[in-house]
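Input: a single structure, listed below in structure tokens.
The values are calculated or read from the model by the stated rules, or taken from the named source; none is laboratory data. As the structure is a prediction and not an experimental result, all values here were calculated from the model. Glycine also receives a Cβ, built like all others from the backbone with ideal geometry; neighbour counts cover every protein chain displayed. Side chains are part of the model used for accessible areas, which takes the heavy atoms of the whole protein and leaves out ligands, DNA and RNA. Shrake-Rupley method; radii C 1.70, N 1.55, O 1.52, S 1.80 Å.
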Amino acid sequence: LLVVEVLSPTTRRQDLIDKRHAYARGGCERYWIVDPIGPWFLALERTDDGTFRAEADLDHHGTLRTSHPFPIAIEVADLAPPDGR
């Protein structure tokens, strides 16, 4: 139902492009990508044609509120490391 990926500098391209296509082909319904350095949060949902579209693309000021695959609210700023690194 859901894959959550936390970006790291060494796997950024793989996470944003390669894995995104692989998860879509595999039938994953939702793919959330978190960049704690930004912080940044991208919530993708699978479309009928088998690709992903952005449900939310949020920076540190944003809040994700969704009911799929379960009800949750995520403050993007809370995803940053406490020391800012």
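Per-structure values
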quantity: Residues that are open to solvent by less than 50 Å² (accessible area, probe 1.4 Å) and either in contact (Cβ under 8 Å) with a residue 60 or more places away in the chain or more than 11 Å from the chain's Cα centre (by Cα) (or both), drawn from region 53-75; calculated: 62, 63, 66, 69, 74
quantity: Any hit, region 17-35, residues being in a strand (DSSP E or B), without any contact (Cβ under 8 Å) to a residue 12 or more places away in the chain and β-branched (Val, Ile, Thr); calculated: no
quantity: Filter result for residue 4 (assigned to a strand (DSSP E or B), modelled with pLDDT of 90 or more, open to solvent by 30 Å² or more (accessible area, probe 1.4 Å) and within 15 Å of residue 74 (Cα to Cα)); calculated: yes
quantity: Of the criteria (1) surrounded by 10 or more Cβ atoms within 10 Å (Cβ to Cβ); (2) of a type in the set (Gly, Ala, Ser); (3) modelled with pLDDT of 95 or more, which one residue 24 fails; calculated: (3)
quantity: Residue check, residue 34 in contact with a helix residue (DSSP H, G or I) (Cβ under 7 Å, 6 or more places away or on another chain) and either surrounded by 12 or more Cβ atoms within 10 Å (Cβ to Cβ) or aromatic (Phe, Trp, Tyr) (or both); calculated: yes
